[in-house]
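One structure is given here, and the rest of the page talks about it.
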Amino acid sequence: MPRTDQEFHNLMQKVVAGSAEAAQELFRDYGPYLLHAIRRRLSEQIRSKFDSMDFAQDVWASFFAEVPEKRSFDSPEKLVAFLTKLARNKVLDAVRQRLKTDKHDVRKEQSLDDSTRFDKDRLDDGQPTPSQVLMTQEEWAEFLRKQPLVYRRIFILLREGKTQYEIAEELDIHLKTVNRIVCRAASRASS
């Protein structure tokens, strides 16, 4: 922290003028006070969800988002008090969200290690394995190879997410033709 009020006023004038070096000095000198204020307010229940530095960055972002000329601090203590209050409000908002709402209530979370509803060794992420993806790609290539050219283009466009109507317009063919080709391929795949 600057030793004299004059040093503090000079630093704040440089910050208001937009000096990056002054902002760095401000972070360096007042960051520890800010982190202390955050860590003091951060409850044990949500420490696993948030990092103190996230809150500190959020406070600094709010501090610098405001027009610097609007904020004037007579002393370093008033700046620390302001940053501390800002940090307290941000932490309280997070605590309210994580402890007071049903959607994000951390007290309702349950570790899978302690769960009897799931066999943690058998949990699957629902994603195909790399070999399944490769096999699917090979099957797709084989399927396309057996199709006439127009059919190939229809199936490729379908796989890209286009609707049957969009495909009919793009290929300048009738919608019923696209529908018939797709239905025929689907019935062959299911049998």
If residue 148 satisfies all but one of (1) modelled with pLDDT of 90 or more; (2) loosely packed, with under 14 Cβ neighbours inside 10 Å, what's the number of the condition it fails? (1)
Single match in 184, 153, 188, 180 (criterion: of a type in the set (Lys, Arg) and at pLDDT below 80): 188
Considering only the stretch 1-53, state which residues are among the charged types (D, E, K, R) and more than 18 Å from residue 93 (Cα to Cα). 3, 5, 7, 14, 21, 25, 28, 29
Looking only at the stretch 1-36, which residues are of a type in the set (A, V, I, L, M), at pLDDT 85 or above and within 18 Å of residue 75 (Cβ to Cβ)? 11, 12, 22, 26, 34
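The values are calculated or read from the model by the stated rules, or taken from the named source; none is laboratory data. Small disclaimer: the values here were computed from a predicted structure and weren't measured. Here the Cβ is made from the backbone with ideal geometry for all residues, glycine too, and neighbour counts use every protein chain on show.
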